[in-house]
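A short worksheet on the structure shown next.
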Amino acid sequence: MSTTPASDRLISSISYFLPFINGLHYGGFLFAQYPPLSHLFQPLLPFFSLYKSIPYASFVSFFALYLGVVRNPSFSSYVRFNAMQALVLDVLLVLPLLLQRIFNPGKGTPYLPIVADAAGRQM
């Protein structure tokens, strides 16, 4: 029986931070209901703040994980499989948000200056 090296297990587990971070906002209601539960995540708040402050961090992280790990044959199949599984989880977490934004775009309508001027001239 062969065992998986600790380095492969570490890299595999780190890849699951992407869906973890992107799915954390789903826990907002749970954290509001049970404030002591949010204390478990206090040590990670600086990392979350940094991650959220970087524009397109989720998008860049997704492709970095895909191109840097999943498509990289120098990693073992164990690492590549777990990284791909983490990416699939991330996509499944993001899909409801995309659907929500499509079907419930917000209260106000977007104002695009050039488009709005052209539409106003046609009225």
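The values are calculated or read from the model by the stated rules, or taken from the named source; none is laboratory data. These numbers were taken from a predicted model, which means no experiment stands behind them. Cβ sites come from the backbone with ideal geometry, for glycine too, and all protein chains shown count toward neighbours.
Numbers below:
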quantity: Given (1) in a helix (DSSP H, G or I); (2) touching a residue at least 60 places away in the same chain (Cβ under 8 Å), number of the condition Thr4 does not satisfy; calculated: (1)
quantity: Odd one out for Val79, checked against (1) under 17 Å from Asn22 (Cβ atoms); (2) assigned to a helix (DSSP H, G or I); calculated: (1)
quantity: Residue match in the range 88-106 (condition: touching a Lys or Arg at 6+ places or on another chain (Cβ under 8 Å), closer than 24 Å to Thr4 by Cβ and in a helix (DSSP H, G or I)); calculated: no
quantity: Output for the range 1-33, where each listed residue is over 17 Å from the mean Cα position of the chain (by Cα) and surrounded by 10 or more Cβ atoms within 10 Å (Cβ to Cβ); calculated: Thr4, Pro5, Ser7, Asp8, Arg9, Leu10, Ile11, Leu30, Phe31, Ala32
quantity: Neighbours by Cβ (under 7 Å, 6+ apart or cross-chain): first from the range 90-101, closer than 16 Å to Tyr66 by Cβ; second at pLDDT below 90 and part of a helix (DSSP H, G or I); calculated: Asp90/Asn22; Leu93/Asn22; Leu93/Gly23; Val94/Asn22
quantity: Sole exception among (1) at positive phi; (2) touching a helix residue (DSSP H, G or I) at 6+ places or on another chain (Cβ under 7 Å) for Phe75, by number; calculated: (1)
quantity: Tally of residues being surrounded by 18 or more Cβ atoms within 10 Å (Cβ to Cβ) and part of a loop (DSSP other than H, G, I, E, B) across the range 53-76; calculated: 1
quantity: Of the criteria (1) in contact with a Phe, Trp or Tyr (Cβ under 7 Å, 6 or more places away or on another chain); (2) exposed (fewer than 11 other Cβ atoms within 10 Å of the Cβ), which one Leu37 fails; calculated: (2)
quantity: Residue count for the range 85-108, restricted to those that are modelled with pLDDT of 95 or more and of a type in the set (Gly, Ala, Ser); calculated: 1
